[in-house]
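Encoded as structure tokens, the structure appears first; notes follow it.
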Amino acid sequence: MQPAVEFRGISKHFGAVKANTDVSFAIAKGSIHGLVGENGAGKSTLMSILYGYYRADGGEILLDGQTRHIRTSQEAIAMGIGMVHQHFMLVENMTVLDNVMLGSEGGFQLKPKRAAVEAKLREICARYRLDVDPLAVIHDLSVGAQQRVEILKQIYRSANILILDEPTAVLTAQETASLFEILRLFKEQGKTIILITHKLQEILDITDTVTVMRGGRVIGAVPTAGTTKEDLANMMVGRQIINNLPRAPYNPGAPVLHVQNLQLQDGQGVKLLADIGFTLRAGEIVAIAGVSGNGQSELMEILSGMRLPSSGQVDFEGKALPFAGRSDADGLPRTIRDLGIAHIPEDRLRDGVVKNFSVMHNTILGYQDKLKGRWGLFDFKAIAARCAALMKDFDVRPNNHDLRIGLLSGGNQQKVVIAREVLAQPTLMLVGQPTRGVDIGTIESIHRQLLALRDSGVAILLVSVELEEVRALADRILVMCGGRITGELKIEEFDTTRIGLLMGGMHKS
Amino acid sequence: MTFDDLHLGSILVSTVRNAPVLIFAGMAGLFAERSGVIDIGLEGKILASAFVSAAVAYITQNPWNGIAAGMLVSILLATLQAYVAITQKGNQLVAGIAINIAMSGLTFVVAQYIFQQGGRTPDIGSARLFDVVLPGTAAIRDVPFIGWVYAHLIGGHSVLVYLAFALVPLVHWLLYHTRFGLRLRACGENPHAADAAGVNVARQRYITMIVAGVLCSFSGAYLSIVQSGFFLRDMSAGAGYLALTAMVFGNWRPLYTFLGCLMFGFFAAVQIQIEGVDLPVVGRLPGSLIQMVPYVVTVIVLAGLMAKSVAPKALGTPFVKSR
Amino acid sequence: AAPKLAVVYDAGGKFDKSFNQSAFEGASRFKQETGINFIEVQASSDTQAEQVLRGLARKNLDLIASIGFAQQAAVQKVAKEFPKVRFVLIDGVAQGANVNSITFKEEEGSYLVGVAGAMASKSKKLGFIGGIDIPLIRTFACGYTQGAKAVNPKIDVFSNMVGTTAAAWNDPAKGGELARSQFDRGVDVVFAVAGGSGMGTLQTAKEKGKLAIGVDSNQNALYPGSILTSMVKRVDNAVYDSFTQVKNGTWKAGVTAKGLKEGGVDWALDASNRKLITPEIEKRVLGARKDIIDGKVKVIDIRSGAACPV
Amino acid sequence: MNNQDLPRWATAFVMPLLNLLSALLVTALVIHMLGESPTESLAILVNSAVVNPEGLSYTLFYASTFIFTGLAVSIAMQAGLFNIGAEGQMYLGGLGLTLAMLAFDSSLPAWALIPVGVLGAALFGGLWAFLPGYLQAKRGSHVVVTTIMFNFIAASLMNFLIVKYMIPDGEQNPASRLFTEAAELPRLNQWFPILGETPLNISFFLAILALAVYGVMTTRSSWGFKVRATGLNKHAAHYAGIRISKMIIVVMLISGALAGLGAVNSVMGSTHYLSLNFVGGAGFIGIAIALMGRQHPVGIFLSAVLFGALTQGGFDLSLEKQNIPPETVILIQGLIILFCGAMENLYAPVIAKMLNLKK
Ligand SMILES: Nc1ncnc2c1ncn2[C@@H]1O[C@H](COP(=O)(O)OP(=O)(O)OP(=O)(O)O)[C@@H](O)[C@H]1O
Ligand SMILES: Nc1ncnc2c1ncn2[C@@H]1O[C@H](COP(=O)(O)OP(=O)(O)OP(=O)(O)O)[C@@H](O)[C@H]1O
Ligand SMILES: [Mg+2]
Ligand SMILES: [Mg+2]
């Protein structure tokens, strides 16, 4: 049978970076094809070329056996190609409906079409069991829901070839499962699907074949049936990946953080956090599990001083955090950081780094006042030396501290943030989604760092939606749902079903 | 001071007459900025189209030729801005300011070169745009209040005034209820999303800038061939900046921008009326202090009433397909 | 040899529809009649004024005519440095043995047009539109009001200023808008002293069938039938005379205040407004004119520190 | 259109030069149209602005003011604030300075008067920017709008104050009285007689000093780091513990103070009295300078000198060439901003191609 898509000798470079070199492989019609590789391996670039977003420097693409020149996204769309991008391509201040209509409005006036499209969307939602309100505005939606909108867009446009670039990075297990349900349905309908993911289990679960890329080249393409996670990991990073990292025995020290009766309401009086209370001790990792959007982010924001609680008490090393008597959180993160609380923010691009600063400048963000030299000015020699050491220790690539951090891959940006916060030698470390969108090799090294931190006696509060990650790191697990803590487990009691129930709001009974 | 001293009627009519310059430019700015291109060059485009409109209207003795020529020049400048913003990916603020400054000089130099009247065009005389007299005005004119409203408040203005007011619902419709508007807003908010959805961002922005250029040209034409009957150097007198202010004030939304323009028009009219009048409490304010009334009111309204204004997210950043 | 002459305009430029333009006209008339050329420069800031004057003085000019009060400090300074060069300062007073300062009694001319306006007004409401609220403009306003109230103490004078920045001299839309507003308040004669902005006022008066009064030069012919008269301020004559005096060797330094008597200011009556000026108006204005010249009527000049009496 | 791939000498020198030439080419066309010789005009321009020492002195004199307004706009831009109000802030700075002079110029010696004047200018300029800063920080009122409004308000207020309180009796000129000699800034011509009777004064050094301090503070101090972080990413700045609202207010205060200092050169250095609308657009030119100089101290300096040279050279040009009105300079300014500021990468593809050909 004709392959649906065939790449022949695709090459693409960005300046000196060779993103794709002589990439050739074929994707069978009606199959689900996995694409894996480290961060920066060239997966997204290749797919962007297929989608007409970039143009290849050389090589050709065949669709159904015919050479096609795909110069723009419009042309790709016209050829039946759809893509769900790694970073959402949604207009935040518009409704789902408008986002779906954008680019395929079907006439100059929107009004006559709107009702029909809305009806069709509702029908699609019902058929594929997608929980999306077509009239909701994007910025009111959770990440998971936004992901569903992206899928919805593609279903609406009835793409025959669907590219999904890391669609599951921000989804919960349940959301992923229902996405896969939909993909299987697509497959039954004869659509071709290309799935990029860093989660090898997903590759095994759903794909028919898998292509592995490294350094812009294809390392191999294998049928999924005959491969294992270990094989894939080996092909991806060229070495063995250890999933269960060794750790020192659980031996918690004195209580470091004591949260009592914490409440948070938003401007409209909606309760975001209710009755949050827990204790965190030195030398332990407490993970907060839960579907994203259930108050974890808000809790981290409060503890790091980025946001004020409505009421409640938070004691750090026996003293209350200075929330009282403040009208806003302006400058509070500084006070809290000075107490010895470090914070790896969940949204690294928004909060964690200044994209237009160099890597070096980003390594002092938040600690800028601690690094003064003569006359209160920066001692850039010392800072650069420190930065070089840090980049070496945490294996930040490329090892050039003058580069704008925006040019680094997400994984490498994350390493810089983690290194910065670790180097501050905190008593308490707040960690939000540390490995989102990061490849397996990097995940391993990030996990190593966090465990080393724990072993050295730092108290760590970890928010993660990845149960795998929770299992790999946590000593104790708190589960949150609807702004409340619905349950607590020790790591020995780890049980996916039980946690799933708690995440869904089933109370500790 | 009695209520009558306020001459509310006069203020309202004056508001209606003052506002179009700002409305046209404000709507132009709105289009440009909602598509992601900062348009601080409104002032320059107003000035250029005011000059060309007056010059051509005078030479051909036909206001419509003047308007058409002004439109052409304004489109040209808008295209230049678009070229800088979209193709060159240059700094849009710089482009706008450059256009403002260059036009301030060029209009004078050319006007002086052609007409030798100190950067002024001759009075265009009968080539001015006529005022519309609504049907039945004569009959109803003497009916108290209603007659005045019909003959003076609603009627008796230039066609451009009606165009300006009609523009507000039109812009609203275009922006929110058409493909053009949907794509335009998407380009201003998240051009990457628009591009991925198959919208040609560059083309959309070019077209938008041209439409904005057309709208802006009416502002200039209104100034020179409706309000004044000739062109005078720097006669835009900051109208472009005020329009921009009204737009930011109106949170980049047509109706509120329109209200912002009306507010400026209204307070400019009030300011005229209270000059030299004994006011309660403060007494008679000196003229120079009264001049600040519209501006002080704007600041107060902005600080007191309005929620934070939120600019289109992609405003001012060129669309580049990489990080 | 022909004298070397120069005119230095202030920031308004030589086409400001006001005193700079008038100076330009005077100098041009001299050039036409004598064939003697003159240098002209515009000084856009006070700093430039000094620079220009010094630059010209170095060229050993015979006479430099500085137009506008803004150049006062510069003239005073440079005149001291170059005692051999002669200076004429218009609208301001500068000390120096080589400076002739010429000011005008704008209040007297304004008084006359105030009289004419009050006589012509049916509503007994007059309007005044100034460019910026500065002493010079206030002088016009006060003289105008004095004249109007001399005709009828009950007359109302509405006064508006165009703005507070240099743009105020080039904003005909606002000049027109102010006129409209005044007409709405019942005004039927308006006096515009606002440079280019005043053009908008005259234009609007014509459009609305009201009367306007021009300023500085004789603007009667701009809209015949709508311009009641003009308050002419003969800066042109001042410049022309100075040039002539230099040519004839009769130039003298000093301070001159030119009023009606000296022919510095006047009202304008010509074919264009002949029909508007009824015999009664003419008689009354001429009467007032004679009274002022004879000293029987004293028009208050607010620049002397006195408050405007009306 | 990626100029990152080009060597530094090309982006730093060749391209700006080509852009400048393009602007001049268009200008030449206009001058030709006006009936004058472009080459002669250029010669006059260059000669009068830089070659002739007196002209150069004037160029630097104007540049001194422009450096301050350029710095004022730049520092605000670093913090992500677009301060369009330098015009009004400089105007108010002139008021602060003048009030100080009127109060003390007959009682204090020169060495004390100068700092007092500088302080007065900075203080009033800063305060005039404070309110827009405060409203932005606390009420979210867009600083672009408020600063535009404050320009208008400043014009009205100054008009009122000067006419009502400052004109000496019997004077027509809407200006304050002349300050005493003690209040005059020392001029450089007393050390360099070649500069002739020109107003270039020690505030030029003050401007250079301000540039240096600005350069050091923005690139080397933690304060500057915080300012830039705030400008580039408010969320990250908040995360980093920066007090955003305080930062906005402080930066606006400093921006206003810098704009206010622009008045020192014009008023204390040249006219020695405060007159109506003495700012004459220097604040707006500051915007162009900040944008063209890309908020870099060297860039600001070069742009300020370029604009100073145009002011001076253009003035002489219109003096010598009767067919070229002074307004032509405004056109040239606009063209230079357009080519050098907005279309800075116009020739990047051409140069890249030529370099590749050579390889
Ligand atoms: N817009 C761009 N400009 C310059 N270089 C780019 C750009 N996009 C990608 N690259 C380069 O291409 C290479 C491949 O990037 P790509 O995004 O395709 O990797 P990836 O495999 O998708 O990584 P990840 O798993 O992190 O998503 C990177 O090493 C990077 O250097
Ligand atoms: N514009 C660019 N120019 C040069 N190199 C780039 C550019 N963008 C990215 N890179 C390089 O790409 C590599 C990372 O690849 P990439 O950006 O695709 O990862 P990523 O997709 O952002 O990661 P993530 O999966 O977290 O999103 C880095 O080595 C970085 O130096
Ligand atoms: Mg990718
Ligand atoms: Mg990527």
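The values are calculated or read from the model by the stated rules, or taken from the named source; none is laboratory data. Since we're looking at a predicted model, the values are computed, not measured. Virtual Cβ from ideal backbone geometry, glycine too; neighbours counted across all protein chains shown.
Once region A:40-83 is narrowed to residues that are among the basic types (Lys, Arg) and within 14 Å of chain B (Cβ to nearest Cβ), the residue that is farthest from ligand 4 (Cβ to nearest atom) is A:71.
Taking region B:299-323 as the search range and keeping residues that are polar (S, T, N, Q) and at pLDDT below 85, which one is nearest to residue B:252 (Cα to Cα)? If we take residues in region B:299-323 being polar (S, T, N, Q) and at pLDDT below 85, then B:309 is nearest to residue B:252 (Cα to Cα).
Results for (1) surrounded by 18 or more Cβ atoms within 10 Å (Cβ to Cβ); (2) assigned to a loop (DSSP other than H, G, I, E, B); (3) within 8 Å of ligand 2 (Cβ to nearest atom), shown as yes or no for each residue.
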{"position": "A:397", "(1), (2), (3)": "no, yes, yes"}
{"position": "A:402", "(1), (2), (3)": "no, yes, no"}
{"position": "A:411", "(1), (2), (3)": "yes, no, yes"}
{"position": "A:418", "(1), (2), (3)": "yes, no, no"}
{"position": "A:447", "(1), (2), (3)": "yes, no, no"}
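In region A:420-445, the residue that is farthest from residue A:196 (Cα to Cα) out of those that are in a loop (DSSP other than H, G, I, E, B) and within 16 Å of ligand 3 (Cβ to nearest atom) is A:435. Residue under question is residue A:152, and the condition is that it be closer than 27 Å to residue A:49 by Cβ, modelled with pLDDT of 90 or more and within 16 Å of ligand 3 (Cβ to nearest atom); does it hold? No.
Are any residues in region A:30-47 within 16 Å of ligand 3 (Cβ to nearest atom) and either among the basic types (Lys, Arg) or part of a loop (DSSP other than H, G, I, E, B) (or both), and if so, which ones? Correct list: A:38, A:39, A:40, A:41, A:42, A:43. Only one of these is part of a helix (DSSP H, G or I), buried (at least 23 other Cβ atoms within 10 Å of the Cβ) and at negative phi: C:150, C:118. Name it. When all the criteria are applied, what remains is C:118.
Results for (1) surrounded by 24 or more Cβ atoms within 10 Å (Cβ to Cβ); (2) under 27 Å from residue D:52 (Cα atoms), shown as yes or no for each residue.
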{"residue": "D:301", "(1), (2)": "no, yes"}
{"residue": "D:319", "(1), (2)": "no, yes"}
{"residue": "D:322", "(1), (2)": "no, yes"}
{"residue": "D:338", "(1), (2)": "yes, no"}
{"residue": "D:344", "(1), (2)": "no, no"}
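Per the conditions (1) within 16 Å of ligand 3 (Cβ to nearest atom); (2) in contact with an Asp or Glu (Cβ under 9 Å, 6 or more places away or on another chain); (3) more than 30 Å from residue D:6 (Cβ to Cβ), the sole criterion not satisfied by residue A:110 is (1). Taken over region B:178-233, the criterion of being in contact with a Leu (Cβ under 9 Å, 6 or more places away or on another chain), facing another protein chain (nearest Cβ under 10 Å) and of a type in the set (A, V, I, L, M, F, W, C) is satisfied by B:180, B:182, B:186, B:193, B:194, B:197, B:199, B:223, B:226, B:231. The residue pairs whose first member lies in region A:43-60 and is β-branched (Val, Ile, Thr), whose second member is within 15 Å of ligand 4 (Cβ to nearest atom), and whose beta carbons are closer than 7 Å, counting only pairs six or more residues apart or on different chains, are A:45/A:12; A:45/A:19; A:45/A:20; A:45/A:54; A:49/A:12.
Inspect region A:98-111 for any residue being of a type in the set (Ser, Thr, Tyr), at pLDDT below 90 and either within 19 Å of residue A:160 (Cβ to Cβ) or within 16 Å of ligand 2 (Cβ to nearest atom) (or both) and give the result as yes or no. Within region A:98-111, one or more residues are of a type in the set (Ser, Thr, Tyr), at pLDDT below 90 and either within 19 Å of residue A:160 (Cβ to Cβ) or within 16 Å of ligand 2 (Cβ to nearest atom) (or both).
Can you find a residue in region D:237-247 that is within 17 Å of residue D:82 (Cβ to Cβ), more than 7 Å from chain A (Cβ to nearest Cβ) and not basic (Lys, Arg)? There is at least one residue in region D:237-247 that is within 17 Å of residue D:82 (Cβ to Cβ), more than 7 Å from chain A (Cβ to nearest Cβ) and not basic (Lys, Arg).
Per-residue answers, yes or no, for (1) at pLDDT 90 or above; (2) within 14 Å of chain D (Cβ to nearest Cβ); (3) within 16 Å of ligand 3 (Cβ to nearest atom):
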| site | (1), (2), (3) |
| --- | --- |
| A:385 | yes, no, no |
| A:407 | no, yes, yes |
| A:414 | yes, no, yes |
| A:417 | yes, yes, no |
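For region D:84-104, the criterion of being crowded, with 24+ Cβ neighbours inside 10 Å, out of contact with any Gly (no Cβ under 6 Å at 6 or more places or on another chain) and outside any helix (DSSP H, G or I) is satisfied by at least one residue.
Restricting to region A:368-382, give me the number of residues that are surrounded by 18 or more Cβ atoms within 10 Å (Cβ to Cβ) and not polar (S, T, N, Q).
Our first condition is that a residue be surrounded by 18 or more Cβ atoms within 10 Å (Cβ to Cβ); within region A:368-382, this holds for A:368, A:378.
Now restrict to residues that are not polar (S, T, N, Q): A:378.
Here the count works out to 1.
How do the pairs read when you match residues in region A:3-18 that are on the phi > 0 side of the Ramachandran plot with residues anywhere that are away from ligand 3 (no atom under 16 Å from the Cβ) and part of a loop (DSSP other than H, G, I, E, B), using Cβ under 8 Å and keeping only pairs 6 or more apart or on different chains? Matching pairs, first to second residue: A:15/D:2.
Table: residues versus (1) modelled with pLDDT of 90 or more; (2) buried (at least 22 other Cβ atoms within 10 Å of the Cβ); (3) in a strand (DSSP E or B); (4) within 9 Å of chain B (Cβ to nearest Cβ).
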position	(1), (2), (3), (4)
C:192	yes, yes, yes, no
C:199	yes, yes, no, yes
C:219	yes, yes, no, no
C:244	yes, no, no, no
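Only one of the numbered conditions (1) in contact with a Leu (Cβ under 7 Å, 6 or more places away or on another chain); (2) under 28 Å from residue A:146 (Cα atoms); (3) more than 16 Å from ligand 2 (Cβ to nearest atom) is violated by residue A:61, and that is (2).
Looking only at residues in region A:7-39 that are closer than 21 Å to residue A:235 by Cβ and either within 14 Å of chain D (Cβ to nearest Cβ) or of a type in the set (Asp, Glu) (or both), the one that is farthest from ligand 2 (Cβ to nearest atom) is A:22. Applying the criterion of being more than 7 Å from every other protein chain (Cβ to nearest Cβ) and free of Cβ contacts under 8 Å to residues at least 24 places away in the same chain to the residues of region B:275-297, the residue that is surrounded by the fewest Cβ atoms within 10 Å (Cβ to Cβ) is B:281. Which residue is surrounded by the fewest Cβ atoms within 10 Å (Cβ to Cβ), if the candidates are limited to region B:104-136 and must be closer than 25 Å to residue B:212 by Cβ and without any contact (Cβ under 8 Å) to a residue 60 or more places away in the chain? Going through the qualifying residues, I end up with B:110. Grab the helices (runs of 4 or more DSSP H) fully contained in region A:48-133, keeping just those with 2 or more residues being surrounded by fewer than 21 Cβ atoms within 10 Å (Cβ to Cβ). Passing ranges, in order: A:73-78, A:111-128.
Between B:269, B:314, the distinction of being crowded, with 21+ Cβ neighbours inside 10 Å and within 30 Å of residue C:158 (Cα to Cα) belongs to B:269 only. Whenever a residue of region A:86-103 is free of Cβ contacts under 8 Å to residues at least 60 places away in the same chain and more than 7 Å from chain B (Cβ to nearest Cβ), its partners that are away from ligand 3 (no atom under 16 Å from the Cβ) and of a type in the set (Asp, Glu), lying with C-beta atoms within less than 7 angstrom and at least six residues away or across chains, give the pairs A:96/A:133; A:97/A:118. Every test in (1) more than 26 Å from residue C:168 (Cβ to Cβ); (2) surrounded by fewer than 24 Cβ atoms within 10 Å (Cβ to Cβ) is passed by residue C:5 save one, and that test is (2). Criterion applied to D:151, D:189, D:159, D:201 was being closer than 30 Å to residue C:304 by Cβ, buried (at least 17 other Cβ atoms within 10 Å of the Cβ) and touching a residue at least 12 places away in the same chain (Cβ under 8 Å), and the one residue passing it is D:159.
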